[in-house]
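The values are calculated or read from the model by the stated rules, or taken from the named source; none is laboratory data. Please read all numbers here as calculations on a predicted model, not as lab measurements. Neighbour counts run over all protein chains shown; Cβ positions are idealised from the backbone, glycine included. To get the accessible areas, we keep the full protein, side chains included, count just its heavy atoms, and leave off ligands, DNA and RNA. Shrake-Rupley method; radii C 1.70, N 1.55, O 1.52, S 1.80 Å.
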Amino acid sequence: MDTKRRETLKSLLLAPLAAGAAASAGCAAGRQVNWTELPREYSYGRTEAERQRDRELFAESWFSEHELVTIAVLCDIILPSDHPNGGALDAGLPDFVEFIVKDRETLKLPVRGGIAWLDSYAIAEFGADFVNIDEAQRLAICDCIAWPDVEDPVLQPGIRFFSLMRDLTLTGYYTTGQGFRDLGYQGNVANVWDGVPAEVLARHGLQYEPEWLAKCVDQSRRDIIASWDDDMNLTS
Amino acid sequence: MSANEPYDAIVVGSGAGGGIATWRLAQAGLRVALVEAGPWYDPADDSQRTQFRYPWESPRRGASTRLRPFGDFNACIGGWELDGEPFTTAEGTDFMWWRARMLGGRTNHWGRISLRFGPLDFRRRDIDGLGDNWPIGYEDVKPYYDKVDKLVGVFGTNEGLPNDPDGFFLPPPKPRLHELYYIRGARRAGVPVYPARKSILTKRINNDRGVCVYCRQCDRACSLHADFSSSTVLIYPAVASGRVDVYTNTMVRKVDTGPDGSATGVSCIDRGSRQELRISGRSVVLAASACSSARILLNSISATHSAGLGNSSGHVGRYLHDSTGASRAAFLPELMDRDIYNEDGVGGMHVYTPWWLEDANLDFARGYHLEIGGGMGMPSYGFGFAANQYKEFLGERVGGYGNGLRDDVRRFYGSRLSIACRGESVPQYGNYCELDPDVVDEWGIPVLRFDYRWTEQEINQARHMQDTMEELLEASGGILLGGKPGPERQYGLTQPGEIIHEVGTTRMGDDPATSVTNRFGQLHDAGNVFVADAGTFVSQADKNPTWTIMALAWRSSDYIIDQMRQRNL
Ligand SMILES: Cc1cc2nc3c(=O)[nH]c(=O)nc-3n(C[C@H](O)[C@H](O)[C@H](O)COP(=O)(O)OP(=O)(O)OC[C@H]3O[C@@H](n4cnc5c(N)ncnc54)[C@H](O)[C@@H]3O)c2cc1C
Ligand code: SF4
């Protein structure tokens, strides 16, 4: 979705794990997490069986609100929104993660279990679940689990989970319009490829071999209907 | 026409072989029924189009599903598993079977690598004493390769190579940057490299089809009809002739035969209504893919053909073989921090390396070719995974979070070079498919059971592939990724079936005791039944099979036309 930043927003309150939704109504203003809502209708050449499958996935609810909030908070840490090209929440990451986890059975357990690990670790360290500790405490935990070279056995489940969330966040972001802009991706448009730009070749100290180049398509003649002589030489 | 009036020909399956047969027979004035198990398909129809879509047009961003194993935007309806249509394997067999169920079959999403077999490929037994020679040679097929080149369009170059013949080529696209690194590496290693050969129109060949606009998405099927799909290139024009009736969503269960043992038509089931249907014809051309055609024959049991149609030799299903495969990738530090421009190019590679060690003394028979991958592709699901893993090679710390990740993603974008090898296996009588007596599909047709194991030849070949890939990737300036698979993993050799080049199940030959069809794909046991897919291959060469399927299907079609003119059919 190449929507303007947070055109339609979804927002969820950061509620304590133990408390019900009603109890969280008292949460201080500003303790909300907002993200761009992704569409729930898609049309991209599906078969009926595929449409049915997508409908079922959208109808299925898998994550609790608490889990979704935790995902949102994590994605936001991984790719924050304080950037001209927007961040994870602008790109609707929680909706994407929710969908893809439902779609890919193998992700369900690692994400659910990862969130539970994260909460238990936060409670042990700071006395509250991950979304209800303060910003500095959250970052302190991330600093422990964001680097796969850390060998502490206690942290391994957290490290695995964080790596997974980093993968999902980056993939979810770079497959949106914001991500395309951030990367500078230029393709997926009709064009006429005529080789590596000269300045790029120069920067890499490479050249096309002249004999090779001589065999390549002359793009000024691409619309002239091909014909050959009997010796297999192209004559048009 | 009335349902009872027999067609001149019934073609079963609309892929590469069925497409050529349908087109050629209709062109010659025959009335043809084309029976296809899958639905009608046109990549230009917006309700089916996946080309030129952005990843965010899919809720899963192009990730694979069970229904689209090669990604959400891939043009295959079908895949490794079909609901209601299982297959089984004998103990110790890990056969993989890819089935497309759609007009055009696998040609909608195939790689478009279009290689002629060479003169040596038809007589391998003469060279290494293994397997069997074909009953025909390159000179028999060459005129048909020529015709296919001109009708369908293929880019490539005439290099005068002894076993990779020249053709009527369109000019190839210029190499991309990573391919220039590969070319340089190959030159350093003394390994040849040439422009790829692919059935993609870099130049106009007629006014019906478009010219390539370089979106790199041939696997999504081209809405401009600028790459070869049987549907867009052969079947639409054949249907436009008015002489072809297409029966889509119609699954053939068997070929019906009369008292004299010759075919009278086919029995089918309409997949939508589950109604049984009989189509009568003066001849039947099976092109349902090598294994599916074998299955239809084996299921066509009658008083005259008690072991299945065409199976008096017991050879239907035998000699099933697939290409070998192995792959490896590297990180190219020189491609870090690239200038970003549109380098999509055509779907797949612009350069390749054909087999170059024909005369070397090696511990395996036959050869393989190298397919080159890399570049700044369009992000889709999976992009950004392990985003900064290459930092390890730079002595920097992998992992982290925050806006610095953006720099990592850009820095390593397009810095990967990969090679995939595709090689020739030695066909074995003991590698086969047969009907499983215990299991039927949802149409009541007995399913196939596969029994297939690689031999030392293929395993040794895979070891050689691994050494070659390491050498070439390093010569190209790459740092190898992942480990090098050893004997415990058969050197990374793909599973039988995984390369999706199923061939050999109804092989041709002059001796009816050891082959299923004659030189024209005509059953020894029933003169009006033909096979026009890769079932007739005696051996598969280190080339992808499709160009040969099409040349042979054309040759069989000409033979049918000729035999009908002579009233022999
Ligand atoms: C991802 C991919 C990449 C590939 N890349 C290359 C490449 O680069 N170069 C190359 O040469 N080859 C390539 N191939 C292989 C190529 O696609 C096949 O060789 C070719 O399509 C085979 O043509 P065919 O006519 O035998 O069968 P198919 O194309 O498989 O068509 C068979 C058709 O028959 C129909 N059918 C099956 N059973 C029945 C039945 N009982 N009744 C009615 N209809 C039936 C099927 O629905 C299907 O449409 C690739 C394949 C895949 C999947
Ligand atoms: S790369 Fe060319 S031929 Fe292939 S799909 Fe794109 S426009 Fe069509």
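Within the range B:221-255, if we keep just the residues that are farther than 21 Å from B:GLN48 by Cβ and surrounded by 24 or more Cβ atoms within 10 Å (Cβ to Cβ), the residue that is farthest from ligand 2 (Cβ to nearest atom) turns out to be B:VAL255. Does B:GLU474 meet the test of being within 16 Å of ligand 1 (Cβ to nearest atom) and open to solvent by 40 Å² or more (accessible area, probe 1.4 Å)? No: the conditions fail for B:GLU474. Criterion applied to A:LEU68, A:LEU107 was being within 28 Å of A:ALA136 (Cα to Cα) and more than 10 Å from chain B (Cβ to nearest Cβ), and the one residue passing it is A:LEU68.
Residues of the range A:85-115 that are within 24 Å of A:PRO39 (Cβ to Cβ) and over 12 Å from the mean Cα position of the chain (by Cα): A:ASN85, A:GLY86, A:VAL101, A:LYS102, A:ASP103, A:ARG104, A:GLU105, A:LEU107, A:LYS108, A:VAL111. All of (1) open to solvent by 40 Å² or more (accessible area, probe 1.4 Å); (2) more than 7 Å from chain A (Cβ to nearest Cβ); (3) under 29 Å from B:ILE445 (Cα atoms) hold for B:LEU67 with one exception: (2).
Right, A:ASP134: open to solvent by 10 Å² or more (accessible area, probe 1.4 Å) and within 11 Å of chain B (Cβ to nearest Cβ) or not? No, not satisfied.
Say we look at the range B:1-42 and pick out the residues that are of a type in the set (S, T, N, Q) and more than 9 Å from ligand 1 (Cβ to nearest atom); which of these is nearest to B:SER556 (Cα to Cα)? Within the range B:1-42, the match that is nearest to B:SER556 (Cα to Cα) is B:THR22.
To keep it simple, each residue is scored yes or no on (1) more than 20 Å from A:ARG160 (Cα to Cα); (2) part of a helix (DSSP H, G or I); (3) more than 14 Å from chain B (Cβ to nearest Cβ); (4) not aliphatic (A, V, I, L, M).
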position	(1), (2), (3), (4)
A:TYR42	yes, no, no, yes
A:ASP54	yes, yes, no, yes
A:SER81	yes, no, no, yes
A:PRO84	yes, no, no, yes
A:VAL97	no, yes, no, no
A:TYR121	no, yes, yes, yes
A:ALA124	no, yes, yes, no
A:CYS144	no, yes, no, yes
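Total residues in the range B:138-195 satisfying the condition of being under 30 Å from B:VAL538 (Cβ atoms) and in a loop (DSSP other than H, G, I, E, B): the figure is 19.
The residues in the range B:333-359 that are more than 16 Å from ligand 2 (Cβ to nearest atom), in contact (Cβ under 8 Å) with a residue 40 or more places away in the chain and under 28 Å from the mean Cα position of the chain (by Cα) can be counted, and the count is 6. Kindly indicate whether B:CYS218 is open to solvent by 10 Å² or more (accessible area, probe 1.4 Å), touching a helix residue (DSSP H, G or I) at 6+ places or on another chain (Cβ under 8 Å) and within 15 Å of ligand 1 (Cβ to nearest atom). Considered against the rule, which asks whether it is open to solvent by 10 Å² or more (accessible area, probe 1.4 Å), touching a helix residue (DSSP H, G or I) at 6+ places or on another chain (Cβ under 8 Å) and within 15 Å of ligand 1 (Cβ to nearest atom), B:CYS218 comes out as no. Taken together, B:ALA553, B:ALA541, B:ALA534, B:ALA526 contain a single residue that is over 26 Å from the mean Cα position of the chain (by Cα) and small (Gly, Ala, Ser), which is B:ALA526.
If a residue has to be aromatic (Phe, Trp, Tyr), more than 14 Å from every other protein chain (Cβ to nearest Cβ) and either open to solvent by 20 Å² or more (accessible area, probe 1.4 Å) or within 16 Å of ligand 1 (Cβ to nearest atom) (or both) to count, how many in the range B:349-385 make the cut?
Counting residues in the range B:349-385 that are aromatic (Phe, Trp, Tyr), more than 14 Å from every other protein chain (Cβ to nearest Cβ) and either open to solvent by 20 Å² or more (accessible area, probe 1.4 Å) or within 16 Å of ligand 1 (Cβ to nearest atom) (or both) gives 3.
Checking each residue in the range B:278-327 for being under 30 Å from B:SER418 (Cα atoms), in a loop (DSSP other than H, G, I, E, B) and of a type outside the set (Ser, Thr, Tyr) picks out B:LEU320, B:ASP322. Taking the criterion of being within 14 Å of ligand 2 (Cβ to nearest atom), basic (Lys, Arg), within 17 Å of the chain's Cα centre (by Cα) and open to solvent by 10 Å² or more (accessible area, probe 1.4 Å), would at least one residue in the range B:192-211 satisfy it? No, the range B:192-211 contains no residue that is within 14 Å of ligand 2 (Cβ to nearest atom), basic (Lys, Arg), within 17 Å of the chain's Cα centre (by Cα) and open to solvent by 10 Å² or more (accessible area, probe 1.4 Å).
Of all residues in the range B:518-529, those that are open to solvent by 40 Å² or more (accessible area, probe 1.4 Å) have Cβ atoms under 7 Å from Cβ atoms of residues that are of a type in the set (D, E, K, R), 6 or more apart or on another chain, in B:PHE520/B:ARG555. Please verify whether B:ASP164 is open to solvent by less than 40 Å² (accessible area, probe 1.4 Å), within 15 Å of ligand 1 (Cβ to nearest atom), within 27 Å of B:GLY373 (Cβ to Cβ) and in contact with a His (Cβ under 9 Å, 6 or more places away or on another chain), treating the condition exactly as stated. Yes, satisfied.
For the condition in a helix (DSSP H, G or I) and either farther than 30 Å from A:GLY87 by Cα or open to solvent by 40 Å² or more (accessible area, probe 1.4 Å) (or both), B:ARG410 qualifies.
Checking each residue in the range B:305-348 for being more than 13 Å from every other protein chain (Cβ to nearest Cβ), open to solvent by 10 Å² or more (accessible area, probe 1.4 Å), away from ligand 1 (no atom under 16 Å from the Cβ) and not aliphatic (A, V, I, L, M) picks out B:HIS305, B:SER306, B:ASN311, B:SER312, B:SER313, B:GLY314, B:HIS315, B:ARG318, B:ARG328. Does any residue of the range B:33-53 turn out to be within 12 Å of another protein chain (Cβ to nearest Cβ), within 16 Å of ligand 2 (Cβ to nearest atom), of a type in the set (Phe, Trp, Tyr) and closer than 30 Å to A:LEU93 by Cα? So far as the range B:33-53 goes, yes, one or more of its residues are within 12 Å of another protein chain (Cβ to nearest Cβ), within 16 Å of ligand 2 (Cβ to nearest atom), of a type in the set (Phe, Trp, Tyr) and closer than 30 Å to A:LEU93 by Cα.
Among the residues of the range B:75-113, how many are within 16 Å of ligand 2 (Cβ to nearest atom) and open to solvent by less than 10 Å² (accessible area, probe 1.4 Å)? Qualifying residue count, the range B:75-113: 6.
Could you check how many residues of the range B:399-441 are more than 29 Å from B:MET465 (Cβ to Cβ) and within 12 Å of chain A (Cβ to nearest Cβ)?
13
Of the residues making up the range B:328-383, those that are in a strand (DSSP E or B) and touching a Cys at 6+ places or on another chain (Cβ under 9 Å) number 5.
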